[in-house]
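All of the numbers you see were taken from the coordinates with simple rules; none came from a lab. Note that the coordinates shown come from a computational prediction; the quantities given were computed from them, not determined experimentally. Counting neighbours? That spans all protein chains shown, and the Cβs are built from the backbone with ideal geometry, glycine included.
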Amino acid sequence: MGRFQSKVTRQYPGHEVPIVLSSETAFSVGEVEALFELFKSISGSVIDDGLINKEEFQLALFKNRKKENIFANRIFDLFDAKKKGVIDFGDFVRALNVFHPNVSQEDKIDFAFRLYDMDGTGFIERNEVKQMLIALLCESEMKLADETIEAILDKTFLDADMNQDGKIDISEWKNFVSRNPSLLKIMTLPYLRDITTTFPSFIFHSEVDEIAT
Amino acid sequence: SVPATMNAFELISTSQGLNLGSLFEK
């Protein structure tokens, strides 16, 4: 294991031992190994440096490396926990963990809040929601009249912004999501429950047997 | 068409950029 691990560490900066990542997340050691197969494929798609850059992330999401999307950018920024402009394997596993079906709603609610708090002010502000709404309309090639956009924002903030100060804080967000649970659907990836089947090739590289026995 | 009574976050959450499931599609 030692030789294998040092080789992996050299090729994949920031690579952490699967057993450690497993202990901090909802993933088993085998599932962390499976995620490493996915990580290797994404991180080697443009530059084979063992790290995922933004272009590689977009390529994996859209199968198109040139596609710019503010939501994908925001997700990338949240995955890039160390703010290095790249995602290492530890970042990747810890961020994906939030999307695991067994992770608490509390963690998912918090991640979604940070996702939409694009400027990192601690509030989801109306101008941020408007910006995201317009981006979504562009992405889906939908056209809405300005007054319809404003009406949607009015309605949303009437429902979510309990103290009507024009911004949504974390407690208002928790309350709003509890009344609109479908908003959290994007925060759970059923794939993560069955990842060793999705990426069976990990079995050939697995250290699980050595660690488990 | 999108009704004005729709919740902004419901709309936003339909973005392809937020659908991480596509990371797992080869």
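Some notes on this structure:
- Radius 13 Å from Cβ of B:PHE9, net charge of other residues (Lys, Arg +1; Asp, Glu -1): -1
- Charge dipole (debye, nearest 20) of the protein assembly as shown; +1 at Cβ of Lys and Arg, -1 at Cβ of Asp and Glu: 500 debye
- Put in line by how crowded their Cβ is, counting other Cβ atoms within 10 Å and starting with the fewest, A:ILE124, A:ILE87 read A:ILE87, A:ILE124.
- Cα-based helix-to-principal-axis angle, A:105-116 vs chain A, degrees rounded to 10: 70 degrees
- Neighbour counting of Cβ atoms within 10 Å sorts the residues A:ILE168, B:ILE12, fewest neighbours leading, into B:ILE12, A:ILE168.
- Volume of the convex hull of the protein assembly as shown (Cα atoms only), normalised per residue: 124 Å³.
- Under Karplus coefficients 6.51, -1.76 and 1.60, residue-wise ³J(HN,Hα) of the stretch A:172-187 in Hz, glycine/proline x: 5, 5, 4, 5, 4, 5, 5, 8, 9, x, 5, 5, 8, 4, 5, 8
- Based on the convex hull around the alpha carbon atoms, the stretch A:19-119 presents an average projected area of 6.6 nm².
- Residue of A:LEU115, A:LEU137, A:LEU189 that the Gaussian network model of chain A assigns the largest fluctuation, springs spanning Cα pairs under 10 Å: A:LEU137
- Distance between modelled label sites at A:GLU141 and A:ASP77, nm, 7 Å Cα→Cβ extension: 2.9 nm
- Candidates A:ILE109, A:ILE170, A:ILE52, ranked by Gaussian network fluctuation over chain A, Cα under 10 Å, top entry: A:ILE170
- Sites A:LYS63 and A:ARG179 - FRET efficiency at Förster radius 35 Å, r taken between beta-carbons, to 0.05: 0.45
- Listed residue (A:ILE186, A:PHE89, A:ASN163) projecting farthest to the positive dipole end of the protein assembly as shown, Cβ model: A:PHE89
- Each Lys and Arg Cβ is given +1 and each Asp and Glu Cβ -1; about its Cα centre, the stretch A:18-147 then shows a dipole of about 240 debye.
- 23 Å Cα-Cα reach of A:LYS174 towards lysines, excluding residues that sit fewer than 8 places from it in its own chain: A:LYS108, A:LYS130, A:LYS155, A:LYS185
- Fewest-first sequence of A:ARG114, A:ARG74 by Cβ atoms within 10 Å of each Cβ: A:ARG114, A:ARG74
- Relative contact order, percent, chain A [alpha-carbon distance under 8 Å, six or more residues apart]: 23 percent
- The percentage of C-alpha pairs in the stretch A:85-179 whose separation is greater than 21 Å is 44%.
- A straight Cα-to-Cα reach below 18 Å connects A:LYS82 with the lysines A:LYS54, residues fewer than 8 places away in its own chain not being considered.
- Rounded to 10°, Cα long-axis angle of helix A:146-160 versus longest principal axis of chain A: 70 degrees
- Loop chymotrypsin sites (Phe, Trp or Tyr not before Pro), the stretch A:76-163 (other Cβ atoms within 10 Å of the site Cβ: 13 or fewer; DSSP): none
- A cut-off of 5 Å between modelled amide H atoms, ignoring neighbours fewer than 5 places along the same chain, links A:ILE168 with A:ILE124, A:GLU125.
- The angle separating the long axis of helix A:2-11 from the principal Cα axis of greatest extent in chain A is about 40 degrees.
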